[in-house]
Amino acid sequence: MSVQKTAKAGGFGNWRSKMINPVLDKEFRLRMRSPRAMWTLFFYLLAIGLISLSAIYLTQELSGRSGTYNPEESRVLFYFLSFAQLGLISFMAPGLTAGVISGEREKQTLNLLLTTQQSSTTIILSKLLSSLSFMVLIVISTLPIYGIMFLYGGVSPKQLLLVFVFYLFMMLVLGSFGILFSTLLKRTMISVISTYGITLFIYAGTAILFFIMLSVWQQAVNNQGMTTSSYTWIGHILALNPATALYSILEPSFSDSVYTINRWNGGQTKGAPMALWQEFMIIYSVLSALALWLSVRKLRPRLKKK
Amino acid sequence: MENIQVNYEETVPMIQIRGLSKSFGSFQALKGIDLTIAKGTVFGFVGPNGAGKSTTMSILATLMAPDSGIAMVDGFDVTKHPHEVRKRIGYMPDFFGVYDQFKTMEYMHFYGASYGIPKAERDELIPNLLELVNLSDKKDAYVDTLSRGMKQRLCLARCLVHDPELLILDEPASGLDPRARIEMREILKELKTMGKTIIISSHILPELAEMVDEIGVIEHGLMRAIGNVNEIQNRLRVKRYLHIRLLDKMDEAETFLRDRPHVNKLLREEDKINVHFGGGDEEQAELLRSMMSYGFEIVSFSEAQSNLEDVFLEITRGGADPS
């Protein structure tokens, strides 16, 4: 179609404008110009700093030593810090993304944006990318705190890298859900509440579901003398939970133990089909992609008639 | 190659609407309106609040899908080829926000880039647009420091950044003080001379009358009348207002006029009688003739031009009270 070709050729000609589209450029500029960005960074670092230093202090006090540190304690501290960071990310991501579209709608700037040549995909992905970039900035700025752990050893760089990849993935997941609600719901407040609701379900809901199913299964075993494979799926519920997925990165043997419980068959055990965090990533990759696809579809009104 | 543009030639109207309808729940905002606007026309879209003006404009701006009917911009169906339509329109909604933390130049660059205009081109274009809307001295000011009138003008400049053929302006003068309204009107006149097709809705009807080529009156989701002001007046037999000045015999003239056909109402002033006249040109000529032959000494016999507001009120009053 010649008209479209002309539009493309006359559009973004150079590399920069291809990499940083106008919406992304706008998001970067406006986000960093608001005092909120500075305060978010400040309070995040304050929170993670306080948590870490308190943990270090308590560990040393409890171990009865001061000034010395052993690698095992350092590892425990790393775990603790990793979970604290996951909690903070899970708290921050919905707040940063659940208002990106509804906020524009409330400020009455969305209609103007939708009448430009920017595609719905560009708008949604730019909003997501800018939010992710800001979260990455925050998480990277916490690296010096992790540096304290490295002073005492006990944590491999590979493990640290994997944990950070997991954080990035969590931001993407919660960010996608936030953007979906922000697109579907008119009010930012309702969108934020819905995204936090989903986040809470992902953490607490899946854990509760797992324990309920586990107790049901145990009762079934007690009553009927259960056979093998009917309950193997229970362990998969934990693959929906970010906390257990992170724990499976920190303690690789955890994945095996989860599936072992479910494969319990008179002493016969089987290893995990895959690590818990891998299954987690596969499931949530699909859900995130679905959330983003729906956001793109729902951003503009459906104009074509059936 | 698929031909997506319908009848693309010079004679294609800029806007073609056929049987457009739209409902919001049980409320029918548009009830099958038809409208054709030729290229280069300045079209005044008038009607009370909730009549369907903004809905029509939103559909033309590809922000809303109609329930039924067709809306075309420059031969492109808004529902089938919204991308092509967006290239051709500059849309200014009745209520809009701005990115407060942008500077005026950055704001314009953002929208310019959003329409795919290369930076070098924007660097040349944007100062000219800011000059057109008298905001050159505010180019480095943050948008949130601008007055409401300035923001309206900035939004208008934004509409023009990709040189659209059609401007859809929904109440561009709403909430502005008289001075700002005059400034806005002058800019619109300038745009008219540039050959833009403009569809503009406004409550400031007398100001529209000066610059519009045609008006369309919409009420309760139906087009009540379309055409130029005079045509509509004639077609709908809108009342005429006659001013008759006499040298003397005012009482006698008043009695005489009361008995004449088509005279609905008289208003006596010091040396003048104002007549609400229901007849047409012939009846008006006959009235003058009869007064002359009766011997009244008439200083002036003139028909007051009813303005757009009168026309609008006349039409919509009829619609509100069908009995």
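Restricting to helices (runs of 4 or more DSSP H) lying wholly in segment A:89-203: which have 1 or more residues that are away from every other protein chain (no Cβ under 14 Å)?
Correct list: A:120-140, A:143-152, A:157-184, A:188-200.
For segment B:64-85, state whether one or more residues are farther than 30 Å from residue B:222 by Cβ, in contact (Cβ under 8 Å) with a residue 24 or more places away in the chain and in the same structural domain as residue B:196 (by TED's automatic domain parsing).
Within segment B:64-85, none of the residues are farther than 30 Å from residue B:222 by Cβ, in contact (Cβ under 8 Å) with a residue 24 or more places away in the chain and in the same structural domain as residue B:196 (by TED's automatic domain parsing).
Would you pick out the residues in segment B:87-117 that are open to solvent by 20 Å² or more (accessible area, probe 1.4 Å) and under 20 Å from residue B:63 (Cα atoms)?
Correct list: B:87, B:88, B:94, B:95, B:96, B:115.
Please enumerate the residues belonging to segment B:147-194 that are closer than 18 Å to residue A:109 by Cα and assigned to a helix (DSSP H, G or I).
B:148, B:149, B:150, B:151, B:152, B:153, B:154, B:155, B:156, B:157, B:158, B:159, listed by residue number.
Based on what the data block shows, is residue A:206 more than 28 Å from residue A:126 (Cβ to Cβ), more than 14 Å from chain B (Cβ to nearest Cβ) and at pLDDT below 75?
no
Do we find that residue B:87 is in contact with a Lys or Arg (Cβ under 9 Å, 6 or more places away or on another chain), under 30 Å from residue A:21 (Cβ atoms) and basic (Lys, Arg) in this structure?
Taking the combined requirement at face value, the residue does not satisfy it.
Answer with yes or no whether residue A:63 is surrounded by 14 or more Cβ atoms within 10 Å (Cβ to Cβ) and at pLDDT below 75.
When the stated conditions are applied, residue A:63 does not pass them.
Determine the pairs where a residue that is within 11 Å of another protein chain (Cβ to nearest Cβ), located within segment B:147-163, has a partner that is among the small types (Gly, Ala, Ser) and assigned to a helix (DSSP H, G or I) with Cβ atoms under 9 Å apart, the partner being 6 or more residues away or on another chain.
B:158/B:112; B:161/B:112; B:161/B:114; B:162/B:112; B:162/B:114
The values are calculated or read from the model by the stated rules, or taken from the named source; none is laboratory data. Just so it is clear, the model here is predicted, and its values are computed rather than measured. Cβ coordinates were reconstructed from backbone atoms using ideal geometry, including for glycine residues, and neighbour counts include every protein chain displayed. The accessibility values were calculated without ligands, DNA or RNA, using every heavy atom of the protein model including side chains. Shrake-Rupley method; radii C 1.70, N 1.55, O 1.52, S 1.80 Å.
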